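The values are calculated or read from the model by the stated rules, or taken from the named source; none is laboratory data. This structure is a prediction, so every number in the text was calculated from the model and none was measured. Cβ: placed from backbone, ideal geometry, glycine included. Neighbour counts: every protein chain shown. The area values use the complete protein model at the heavy-atom level, side chains included, leaving out ligands, DNA and RNA. Shrake-Rupley method; radii C 1.70, N 1.55, O 1.52, S 1.80 Å.
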Amino acid sequence: MSTGSGADSAPAPTSTHESKTGGTFSSLKIRNYRLFATGAVISNTGTWMSRITQDWLVLSLTGSATAVGITTALQFLPMLLFGLYGGVIADRLPKRRILLVSQAMLGLCGIALAVLTLSGAIEVWHVYLVAFLLGMVTVADNPARQSFVSEMVGPAQLRNAVSLNSANFQSARLIGPAVAGVLITTVGSGWAFLLNGLSFLAPLVGLLMMRTSELHASVRVPRAKGQLREGLRYVRGRPELVWPIVLVGFVGTFGFNFPIWLTAFADGVFDGGAGMYSFFNILMAAGSLAGALLSARRRSTRLRMLVAAGTAFGLLEIAASLSPSVWLFSILLVPIGMLGLTTNITANTSVQMAADPGMRGRVMSLYMMVFAGGTPVGAPIVGWISDTYGARVGFASGGAISVIAALAVGFALARVGGLRLKVDLRPGRPHVRFVPREQLATAA
């Protein structure tokens, strides 16, 4: 389905199947997706435990927010360098087979980090290396996992399943940081890494238990030259794909560097510890979970929601950076998480639903390359700003860039869709809104 080229995407078509299986958790009625979601919530919990532990371990070893930024950058650098090739692989090979291999390798990376930490041999370059290896695996894992959703649930439930995937991830984010904080302060970081490695057994079992006969047929692209360039040309000619990807690129590169900011605020600004860092992540996860569940209830994808959420997200980051107390900062993390997740889900679903099935792997690899692959660029920059000018300036700069990007994309979409900004000061009417140029001319 095409979302159109205007400021709003067209509403998702409502099929008879969708109307019978509507609701916030409708896609969980599908057995294969239930298995996928169950395995994912377990491995996601382990992943969040590992992320929190990794960030705190690097900060403990180096005392530097820049080092945390370098770790984050190394984990996402492979996506920037090789992300598009992961999309070509996802379009060529069976996605379930790719995920069986990639999930096993992610588990092995977690166990390797656990062995190094528990043995007392861990050094910061070990963490850098494992982070880079994790990034290499996710090059293939991300586009395969994103596009495999449509094979499990079909087009009628795609939006709901994408939203529930995010809710799943954020639910794990509520549990993982709390468990990580307890483990770090009681038995040490190594056990958190070990549990993360073992948690990947769950998605492997779920994938093996799936009924392949119940999967929706996918379009398998035969091996041929020029498929990478073909994917880029395909996206370039469609504004409904280009502009959401541009926006999430800026937001992902500069607005989503929370490991850097939250460690800096917990350790330096508010003089807390690992427990406070975990608490900050739990609050953000609560907001993100709320945003995901609200998105699951919506039956259509609107690009104006993407622009509005991106703008509000950046403004709240600026407000949080100026918070004089830890409690005000903590309260603001909840809506920041909600709006950040809303921005991501809206962009993700609009791009997936606008892409042809035979191109979906390559389109989603470009989406993930821009969203996550920008981190190697943004994380060291934001980490340096936070170290040099303070965490507050670093946080505010990320929010400001997100606001500017959202407004610029909003005006670009309005221009493509033939819309103009109309200001109406009469009581009881929207004061500022986009309207078609024809309507503006008639009103004049």
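Put simply, segment 315-373 fits an ellipsoid with semi-axes of 34, 11, 7 Å; these come from the alpha carbon gyration tensor as the roots of five times its eigenvalues, largest first.
Taking 0.36 nm per residue of sequence separation and subtracting the Cα-Cα distance, how much length would be gained by fully extending the chain between Ala112 and Arg233, in nm to one decimal? Each step should come with its number before you reach the end.
Values: separation 121, 0.36 × 121 = 43.56 nm, distance 4.02 nm.
Residue separation times 0.36 nm, minus the Cα-Cα distance, leaves 39.5 nm.
Largest first, the three principal axis extents of the alpha carbons in segment 154-295 are 54, 38, 34 Å in whole numbers. Expressed as a fraction of 2.2 N^0.38 Å, the C-alpha radius of gyration for segment 251-362 is 1.19. In this calculation the C-beta distance from Val124 to Thr388 is compared with R0 = 25 Å, giving a FRET efficiency of 0.75. Annotation for segment 117-202: trypsin sites (Lys or Arg not before Pro) lying in DSSP loop with at most 13 further Cβ atoms inside 10 Å of their Cβ do not exist.
May I ask for the Rg/Rh ratio of segment 345-414, computed from Cα atoms with Rh as the Kirkwood radius, given to two decimals? Don't jump to the answer; show the numbers that get you there.
Numbers: Rg = 15.5 Å, Rh = 14.2 Å.
When Rh is taken as the Kirkwood radius, the ratio is 1.10.
Glu230 exposes around 80 Å² of accessible area when a 1.4 Å probe is run over every protein chain in place. Size of segment 134-190: Rg and Dmax of its alpha carbons, in Å, are 15.7, 47. Computed from label points 7 Å out along Cα-Cβ, the spacing between Arg31 and Ser325 is 5.5 nm.
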